[in-house]
Structure formats: C-alpha cells, structure tokens
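The values are calculated or read from the model by the stated rules, or taken from the named source; none is laboratory data. These figures come from a predicted structure and were not determined experimentally. Note that we place each Cβ from the backbone using ideal geometry, even for glycine, and neighbour counts take in every protein chain shown.
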C-alpha cells in the first residue's frame with residue numbers, strides 16, 4: 001500500500017451527512033406524521049470545548065483552598081444535543097417563549113420527555129462516532 005498524505009487533506013475527507021430522526025412522536029406535521037429533526041456532527045475541537053464547559057470546581061471537604069474537578073454529564077448531554085440539532089432551530093426566541101424557557105439547552109430538555117431526550121441524545125452521540133452514553137460518561141470520568 002502506497003503512502004499518500006493527499007488522502008488526509010481536508011478537501012478529500014468524506015463529510016458526515018446530517019441525519020433526520022424522529023425525536024418524538026408528539027410533534028406532528030400537517031400530514032399527521034411525526035416531524036423529523038435534523039441533526040449534525042461536530043468536530044473533536046467543538047466537543048472538547050463543550051466538555052470543558054461542563055467541568056466544575058468542587059471544594060474538597062476538610063481541605064481548605066483545595067478543589068477537585070467534577071464533570072456534569074447532564075449539562076454535557078444537553079449542550080451536545082442542542083449544538084447538534086439543526087432543525088428545529090432551538091435558538092428561536094419564539095419557540096423558546098412558547099415553552100417559557102431561555103436557551104437551547106433548556107428548550108431541548110423541556111420539549112422532550114426524559115425517555116425521548118435519552119434516545120435523541122443517543123442518536124446524536126452515535127452520529128458523532130460514540131457508541132453509547134454510558135461509555136462516554138465513563139471516558140469523561142477518567
């Protein structure tokens with residue numbers, strides 16, 4: 001096999017296509033069928049920024065001035081899900097107002113039931129190359 005760096009050039013990399021998934025059967029179109037949501041893939045750099053934004057400094061009990069880092073998995077899941085949702089536009093002020101929330105992360109966790117959100121998040125993580133949420137959480141803890 002001949003080595004060629006050209007296969008790694010940005011213009012030669014295959015793009016990950018957006019996918020359409022039904023996040024909930026509760027949102028139906030005019031035809032009465034469930035509305036598909038469009039989701040996209042993010043880069044490792046974007047994922048790293050989202051992950052970093054979900055780290056919290058927690059004081060160590062009994063150790064004055066010492067802190068430990070804790071990963072907020074629920075916040076990460078909401079941020080990734082909101083970031084990867086192309087349609088519906090979760091940043092739409094009118095849509096947010098209809099649910100009485102502000103922000104895409106709050107909106108997506110309010111729009112979907114707990115089970116719907118877990119399933120939707122799993123589809124997003126799968127599109128982004130992760131196998132399961134549990135493995136992602138375990139990796140983040142290490």
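The number of residues in the stretch 101-130 that are part of a helix (DSSP H, G or I), within 15 Å of residue 88 (Cβ to Cβ) and either touching a helix residue (DSSP H, G or I) at 6+ places or on another chain (Cβ under 9 Å) or modelled with pLDDT under 95 (or both) comes to 11. Within the stretch 72-99, restricting attention to residues that are touching a residue at least 40 places away in the same chain (Cβ under 8 Å) and either more than 17 Å from residue 27 (Cα to Cα) or surrounded by 19 or more Cβ atoms within 10 Å (Cβ to Cβ) (or both), the residue that is farthest from the chain's Cα centre (by Cα) is 73. Screening residue 52 on (1) out of contact with any helix residue (DSSP H, G or I) (no Cβ under 9 Å at 6 or more places or on another chain); (2) not in a helix (DSSP H, G or I) shows it passes everything except condition (2).
Taking the condition touching a residue at least 60 places away in the same chain (Cβ under 8 Å) and either within 19 Å of residue 121 (Cα to Cα) or touching a strand residue (DSSP E or B) at 6+ places or on another chain (Cβ under 6 Å) (or both), does residue 108 pass? Please lay out each step first, then the result.
Values: touching a residue at least 60 places away in the same chain (Cβ under 8 Å): no; either within 19 Å of residue 121 (Cα to Cα) or touching a strand residue (DSSP E or B) at 6+ places or on another chain (Cβ under 6 Å) (or both): yes.
No.
Out of the residues in the stretch 12-25 that are in contact (Cβ under 8 Å) with a residue 60 or more places away in the chain, within 15 Å of residue 116 (Cα to Cα) and part of a loop (DSSP other than H, G, I, E, B), which is farthest from the chain's Cα centre (by Cα)? Filtering the stretch 12-25 for residues that are in contact (Cβ under 8 Å) with a residue 60 or more places away in the chain, within 15 Å of residue 116 (Cα to Cα) and part of a loop (DSSP other than H, G, I, E, B), the one farthest from the chain's Cα centre (by Cα) comes out as 24.
Cβ-Cβ below 8 Å, separation at least six or inter-chain, first residue in the stretch 30-41 and touching a residue at least 12 places away in the same chain (Cβ under 8 Å) and on the phi > 0 side of the Ramachandran plot, second surrounded by 14 or more Cβ atoms within 10 Å (Cβ to Cβ) and part of a strand (DSSP E or B): which pairs? The qualifying pairs do not exist here. Check the stretch 79-92 and report whether any residue there is more than 18 Å from residue 129 (Cβ to Cβ), in contact with a strand residue (DSSP E or B) (Cβ under 9 Å, 6 or more places away or on another chain) and outside any helix (DSSP H, G or I). Within the stretch 79-92, one or more residues are more than 18 Å from residue 129 (Cβ to Cβ), in contact with a strand residue (DSSP E or B) (Cβ under 9 Å, 6 or more places away or on another chain) and outside any helix (DSSP H, G or I).
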